1. Using alpha carbons only, how many degrees (0 to 90, rounded to 10) separate the axis of helix 28-53 from the longest principal axis of the chain?
2. Angle, helix 11-24 long axis vs. longest principal axis of the chain, Cα atoms, 0 to 90°, nearest 10?
3. Could you list the trypsin sites (Lys or Arg not before Pro) in the stretch 1-69 that lie in coil according to DSSP, counting only those with at most 16 other Cβ atoms within 10 Å of their Cβ?
4. Divide the volume of the convex hull of the Cα atoms of the stretch 11-69 by its number of residues and quote the answer in cubic angstrom per residue.
5. Which loop-located GluC sites (Glu not before Pro) does the chain contain, where loop means any DSSP state but H, G, I, E or B and the Cβ has at most 12 other Cβ atoms within 10 Å?
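What follows is calculated from the coordinates using simple rules that are stated; it is not laboratory data. Quantities reported herein were computed from a predicted structural model and do not represent experimental measurements. Virtual Cβ from ideal backbone geometry, glycine too; neighbours counted across all protein chains shown.
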Amino acid sequence: MSTTISVRIPDNLAIKLSEISLETERPKSFHIQKALETYLNELADLQVAFDRLNDASDPVISLAVMRKELEL
């Protein structure tokens, strides 16, 4: 299943998208979908990091301790 979404983007971004589509012989929608997937995954990872940073029960260890635990 897929959904059609309309979006306005600046001309310079549209030009870059067109160029990449031509170079890779992939449709613009492919690149937009991959970019959105990457963005959403990064956003989710960032939220996990913020949650852990603000979690008082999640201990913070020093770089020295981490290296020792990882045997680096």
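1. On a 0 to 90 degree scale, this one is about 20.
2. Value to nearest ten degrees: 90.
3. Sparse-neighbourhood loop trypsin sites (Lys or Arg not before Pro): R8.
4. Spread over its residues, the Cα hull of the stretch 11-69 gives 152 Å³ apiece.
5. Hits after loop and neighbour filter: E25, E71.
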